[in-house]
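Every read-out reported here was derived from the displayed coordinates using simple, explicitly stated rules and does not represent laboratory data. Quick caveat: nothing in here was measured; it's all calculated off a predicted structure. Positions of Cβ are generated from backbone atoms using ideal geometry, with glycine treated the same way; all protein chains shown enter the neighbour counts.
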There are 2 protein chains.
Amino acid sequence: MVEVNQQLPEPVPETGLSIAEAARRTGVSTHTLRYYERAGLVVTPVDRTHGGRRRYREFDLEWITICTRLRATGMPIKGIRRYAELVAAGRGNEDERLDLLESHHDQVLAKIAELQENLKLIARKVDVYRGRLAAGDADQLWVPNRTPAAR
Amino acid sequence: MVEVNQQLPEPVPETGLSIAEAARRTGVSTHTLRYYERAGLVVTPVDRTHGGRRRYREFDLEWITICTRLRATGMPIKGIRRYAELVAAGRGNEDERLDLLESHHDQVLAKIAELQENLKLIARKVDVYRGRLAAGDADQLWVPNRTPAAR
DNA sequence: CTAAGTTTTAGAGCGTGGTCGAAGTCAACC
DNA sequence: GGTTGACTTCGACCACGCTCTAAAACTTAG
């Protein structure tokens, strides 16, 4: 469960943003921002000040946001790196990019379906407990003889 | 993504099942079955042969299945252990069990909602790629000037 | 100019959830 | 009784995705 930054975007100044500010806006820690860079998730190297400090542009924030959405839907770091590499490679691999995104999309749909399926059993058990507790019948729930529905 | 064992249940013989057979039926490796036991996920110790080997009953398989459903929906090992402890403690904590299950249930619903939300951006990008590829327009997708929608 | 606060790097460390290996025991069949 | 093969325990190991540390360099306010 992730804090999704849902406000109107504050404009990014010409000079770019410090890593701390970029972290605040994207909801990712500074540590993680640097880690993502090291891990090859970033398409274009982030600009630096003459002193070597990162300056994040609108552009970079948007890409990081894409990364966080892919992460939040369970794409592994490797998959995102692959996507970043394709984008970095430039024109000519758009079909591969589509494949990658489409297949991830389908996997997420499948994952959601699986969650919903498994949730059914849990919901059933919640109902059982709720029903019996309401009926003051709760001690029926733990039956030494192992009636499974109640466990 | 998990193989959900969706067949009619083969009956468990009086003598119980070997760990290998229990693994096959629950879709969990023997290593993991032992690990779950060590980790305190099992309410009642699994029966043993006189030689010390585990014999799994219907009962045990059902509990393991509950564990796998909880795992598949993202409940951490600690949470499942807590639930197992409550069940093992017997009568009198049914309200706590309900709390635990209910709160997990709600978390899963929230997780699904989050997945669906984040999936939207991915679906949009898939559509963009698909549209442009169909239009033979794909080289518009990587624009050096950084039009974000296309990346 | 100085002091305080940020950011830099490389690398180590951590939490989670298994997964595996070694050495020994048990069961089954010939 | 001997040989396979499955099973036992226990601790080590692994992949993943961060997360943190240390020491040095940069930036800014006063």
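Miscellaneous remarks
- Overall shape: oblate for the stretch B:1-90, with the ratio a/c of the largest to smallest alpha carbon gyration tensor axis at 1.5 or above and b/c at least equal to a/b.
- Peptide B:84-90 has a mean of 2 when you count, residue by residue, the C-beta atoms of other protein chains within 10 Å of its C-beta.
- Cβ-Cβ distance of residue B:106 and residue A:89, R₀ of 45 Å, FRET efficiency by 1/(1 + (r/R0)^6): the value works out to about 0.55.
- Amide H contacts under 5 Å for residue B:17: B:56, B:57, restricted to partners 5 or more places along the chain or on a different chain, H placed in the peptide plane at 1.01 Å from N.
- Karplus-derived HN-Hα couplings along the stretch B:49-63 (A = 6.51, B = -1.76, C = 1.60, θ = phi - 60°), whole Hz, x at Gly and Pro: 6, 4, x, x, 8, 5, 10, 8, 9, 2, 2, 5, 4, 5, 5
- Remark: the stretch A:81-94, residue by residue, has Karplus-estimated 3J(HN,Hα) of 4, 4, 4, 4, 4, 4, 5, 5, 5, x, 3, x, 10, 4 Hz, where x stands for each Gly or Pro and the curve is 6.51 cos²θ - 1.76 cosθ + 1.60 at θ = phi - 60°.
- Taking each residue as 0.36 nm, the span from residue A:82 to residue A:47 lengthens on full extension beyond its C-alpha to C-alpha distance by 10.4 nm.
- Of A:111/B:125; A:120/B:125; A:78/A:125, pairs whose Cα-Cα distance is over 28 Å: A:120/B:125; A:78/A:125
- If you plug the beta carbon distance of residue A:96 and residue B:34 into 1/(1 + (r/R0)^6) with R0 = 41 Å, you get a FRET efficiency near 0.45.
- Dipole magnitude of the stretch A:22-139, debye to nearest 20 (Cβ charges: Lys/Arg +1, Asp/Glu -1, about Cα centre): 720
- Under Karplus coefficients 6.51, -1.76 and 1.60, residue-wise ³J(HN,Hα) of the stretch B:113-129 in Hz, glycine/proline x: 4, 5, 4, 5, 4, 5, 5, 4, 4, 5, 4, 4, 5, 4, 4, 4, 4
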